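Values in this text are rule-based calculations from the coordinates and carry no lab data. All of these numbers come straight from a predicted model, not from anything done at the bench. Backbone-built Cβ (ideal geometry, glycine too); neighbour counts: all protein chains shown.
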Amino acid sequence: MSIENLDPQIASRLKRDAAGLVCVVIQDWQSGQVLMVGYMNDEALRRTLSTGRVTFWSRSRSQYWRKGDTSGHAQYVKQVQIDCDGDALLIQVDQVGAACHTGKRSCFDTGGKLPTLVGERPSHN
């Protein structure tokens, strides 16, 4: 199998970090719930766009991983968007099973809310 390059028109719009990665927010396409955050390099994005299954670059293992290959909790791509600065992607998916490695639907279910200063807004003078 030959490795193709990411479409140059897409690649030119991305602003990658020092490791060549872009942040990816994964969102349930029907409910709008944010499921998880991951990272992609150009090859992971090319694989995602060409196969319709989300592929990430694992920063801890330094390898590609396609969500669901071992857990069965796959992510099927419905839409991919790039933000205005090109430094983040939003991928809306049809999520099969849990998105989080803890078994929860969302990685944000386990983490919980942080305390905020409710009712205070900064002054815009």
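The angle between the Cα long axis of helix 42-51 and the longest principal axis of the Cα atoms of the chain comes to about 80 degrees, rounded to the nearest 10. A crude spin-label estimate for the pair Glu43 and Gln81, with each label 7 Å from Cα along the Cβ direction, gives 3.0 nm.
Stretching the chain fully between Ser31 and Thr110 yields a gain of 26.6 nm (0.36 nm per residue, less the alpha carbon separation). Taking the charge dipole of the chain about its Cα centre, with +1 at Lys and Arg Cβ atoms and -1 at Asp and Glu Cβ atoms, the residue from Gly68, Thr48, Leu21 reaching farthest to the positive side is Gly68. Spin-label pair Ala11-Ser58: with each label point 7 Å from Cα along the Cα-Cβ axis, the two points sit 2.6 nm from one another. Separation of segment 100-115 from segment 1-78 is 20 Å, based on Cα centroids. Normalising the average separation of contacting C-alpha pairs (under 8 angstrom, six or more residues apart) by the number of residues puts the relative contact order of the chain at 23 percent.
The lysines whose alpha-carbon is closer than 18 Å to the alpha-carbon of Lys104, local same-chain residues fewer than 8 away aside, are Lys67, Lys113.
Pairs of alpha-carbon atoms within less than 8 angstrom and 6+ residues apart define the contacts here; what relative contact order does segment 7-68 have, in percent? Computed over segment 7-68, the figure is 21 percent. Take the Cα of Ser71, step 7 Å toward its Cβ, do the same at Val96, and the gap between the two points is 1.4 nm. Each Lys and Arg contributes +1 and each Asp and Glu -1, all at the Cβ; summed about the Cα centre of the chain, the dipole is approximately 260 debye. Of all the options Cys84, Cys23, Cys100, the one that moves most in a Gaussian network model of the chain with Cα springs shorter than 10 angstrom is Cys84. Compactness of segment 1-80 is given as radius of gyration and Dmax, 12.6, 37 Å, from Cα positions. Ordered from longest to shortest, the equivalent ellipsoid semi-axes for segment 34-125 are 28, 19, 13 Å, each the square root of 5 times a Cα gyration tensor eigenvalue.
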